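Participant: Please see the structure below; I have some questions.
The values are calculated or read from the model by the stated rules, or taken from the named source; none is laboratory data. Please read these numbers as outputs of a predicted model, since none were measured by experiment. Backbone-built Cβ (ideal geometry, glycine too); neighbour counts: all protein chains shown.
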Amino acid sequence: MLRSATRVDSLLPVPRPRRQNPWSSTGEVLVWILFAVLLFPAGFAGYAVGHYTSLGKPSATVVHTVTAAGSTSAGTTTSAATTTSSATTTSSGGGGGGNAAAGKAVFAANGCASCHTFKPAGANGTIGPDLDKAPAADAKANNNMALAAFVKESIVNPDAYIAKGFSKGLMPTDFGSKLSSSQVNDLVAFIVSGSS
């Protein structure tokens with residue numbers, strides 16, 4: 001048997017692999033390393049700053065400062081309290097009793113009307129719950145809590161119960177320290193007297 005011998009010269013030439021410039025591939029590697037070295041710490045720092053600066057704070061805080069026309073000081077509260085004294089309400093379950101007429105002045109002086117709808121105050125705000133209807137329904141939904149106690153808790157600690165359709169952090173949380181206990185009780189009496 002005879003094998004045919006192939007000549008080595010008759011084979012097609014195989015192109016030699018083209019050598020890349022060693023500086024371009026090294027430069028490309030260094031760019032990618034620099035990118036990774038800078039990107040990952042920057043991303044982590046952004047996450048940490050964004051995550052840890054919001055601890056203990058509500059996710060969205062809205063603060064509305066409203067000055068009612070004609071009322072500049074607590075003098076409005078005093079004159080309103082002297083005008084009508086027949087609307088005193090004692091409340092069971094933590095209301096502490098208060099003067100509804102004085103509560104109307106507290107309601108106006110603290111900008112409650114800018115966020116809440118409440119017919120006795122002539123208010124039509126839409127940011128917070130409708131105080132004509134919501135307190136009674138929400139007090140029942142919150143373990144059948146007494147209305148006056150529920151309203152007081154909603155003023156002093158507004159995030160304790162969040163009404164359906166509203167989010168935590170909408171109402172300022174400093175009314176418990178900003179208002180005196182008699183002002184809180186007057187405000188509770190005013191809201192309870194007008195809620196259905």
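Participant: If the Cβ limit is 7 Å and pairs must be 6+ apart or interchain, which residue in region 165-184 that is without any contact (Cβ under 8 Å) to a residue 24 or more places away in the chain pairs with which residue that is assigned to a helix (DSSP H, G or I)?
Facilitator: Listed pairs, sorted by first residue: G176/V156.
Participant: Something else about it: Which condition breaks for P58 when tested against (1) farther than 24 Å from P135 by Cβ; (2) at pLDDT below 70?
Facilitator: (1)
Participant: Continuing with the same structure: Considering only residues that are surrounded by 16 or more Cβ atoms within 10 Å (Cβ to Cβ) and in contact with a Pro (Cβ under 9 Å, 6 or more places away or on another chain), look in region 174-196 and name the one that is farthest from A139 (Cα to Cα).
Facilitator: Only one residue fits best here, namely F175.
Participant: Looking only at helices (runs of 4 or more DSSP H) that fall completely inside region 123-196, which ones have 1 or more residues that are of a type in the set (V, I, T)?
Facilitator: 147-156, 181-194
Participant: Quick one: G95 ticks every box in (1) buried (at least 19 other Cβ atoms within 10 Å of the Cβ); (2) modelled with pLDDT of 55 or more except a single one, so which number is it?
Facilitator: If we test G95 against (1) buried (at least 19 other Cβ atoms within 10 Å of the Cβ); (2) modelled with pLDDT of 55 or more, just (2) comes out false.
Participant: Okay, moving on. Can you confirm whether F166 is within 23 Å of the chain's Cα centre (by Cα), at pLDDT below 90, on the phi < 0 side of the Ramachandran plot and crowded, with 18+ Cβ neighbours inside 10 Å?
Facilitator: No, not satisfied.
Here's the yes/no breakdown for (1) at pLDDT 85 or above; (2) hydrophobic (A, V, I, L, M, F, W, C); (3) under 20 Å from N185 (Cα atoms):
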| position | (1), (2), (3) |
| --- | --- |
| K119 | yes, no, yes |
| I127 | yes, yes, no |
| D130 | yes, no, yes |
| A134 | no, yes, yes |
| A141 | no, yes, no |
| A149 | yes, yes, yes |
| S154 | yes, no, yes |
| N157 | yes, no, yes |
